[in-house]
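Below is one structure, written out as structure tokens, with a few remarks after it.
The values are calculated or read from the model by the stated rules, or taken from the named source; none is laboratory data. These numbers were taken from a predicted model, which means no experiment stands behind them. FYI the Cβ positions are ideal-geometry reconstructions off the backbone, even for glycines, and counts take in every protein chain you see. Accessible surface areas use protein heavy atoms only, side chains included; no ligands, DNA or RNA. Shrake-Rupley method; radii C 1.70, N 1.55, O 1.52, S 1.80 Å.
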Amino acid sequence: MARLNVNPTRMELTNLKKKLASARRGHKLLKDKRDELMRRFMDMVRENQQLRQEVEAAVRQANAHIAVAGSVMQNAQLETALMLPKQELELEIGEQNVMSVNIPVFSTKFKTDNSSDIYSYGTAFTSCDLDEAVRYLSEIFPKMLRLAEVEKSCQLLADEIEKTRRRVNALEHIMIPDYEDTIKYITMKLSENERSTATGLMKVKDMVLTKKRR
């Protein structure tokens, strides 16, 4: 804590009291913002953990089926089967404002609504394990996108939480105590000046009365 370098006047005292009131209001607002950001951040962290577990489990299943398919199919057959996909996907990236933080929002649109279009090949000469691998990946794809949303959102929220925490600490431990100390100092100085002035006036009054008696 450090007293501000200002002149101990009533005008400065009034200005500092206004600044102190604004700092206290700002401190409360920033604390509320930090708490709400933390609440949303923790919700997203929990969602992130759940999504990651589901995505990783599905990818492991898909990889296992791909490995089996690769063992019963030739590499050229496997590559040809996946070369020309029927289904197409459009991805739009938007933003959502959460407590002054713009987090990403992904929206998708498939070319067709036919669920069988995820298979870009005929099933006569391919392994059923390849079908299972494609199905797993197709079903988990929306969650993969949501996982990407949530992970980026967690990163952005964490950055904003850190910034807000630093501002709260600066107000709580530096600015507000400095204002309070300076206000206390100016108030004491003004009181001293008033006492000195009152003492001087009393002396003058005594001198005037003494002259009158003479």
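Tabulated results
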read-out: Efficiency of FRET from Cβ geometry, MET202 and ALA158, R₀ 41 Å, rounded to 0.05; value: 0.05
read-out: From the coordinates shown, percent of Cα pairs over 24 Å apart corresponds to which of [x] 68; [y] 40; [z] 44; value: [x]
read-out: C-alpha long axis of helix 176-213 to longest principal axis of the chain, angle in °; value: 10 degrees
read-out: Pairwise label distance in nanometres, ASP131 with THR9, each label 7 Å out on the Cα-Cβ vector; value: 8.9 nm
read-out: Order of exposure, largest accessible area first, which applies to ARG195, ARG146 with probe 1.4 Å; value: ARG195, ARG146
read-out: Relative contact order, percent, the chain [alpha-carbon distance under 8 Å, six or more residues apart]; value: 38 percent
read-out: Count of lysine pairs in the range 1-150 with Cα separation under 28 Å (8 or more residues apart, or interchain); value: 14
read-out: Degrees separating the helix 10-72 axis from the principal Cα axis of the chain, which is the longest one; value: 10 degrees
read-out: log10 of Debye I(q)/I(0), alpha-carbon scatterers only, for the range 151-198 at 0.15 Å⁻¹; value: -0.58
read-out: Of the GluC sites (Glu not before Pro) in the range 56-95, those whose Cβ has at most 14 other Cβ within 10 Å and which sit in DSSP loop; value: GLU88
read-out: Computed [θ] at 222 nm, deg cm²/dmol, the chain (DSSP H ≥ 4; -39,500 (n - 2.57); rounded to nearest 500); value: -26000 deg cm²/dmol
read-out: By accessible area with a 1.4 Å probe, ligands and nucleic acids excluded, highest first: order of CYS154, CYS128; value: CYS128, CYS154
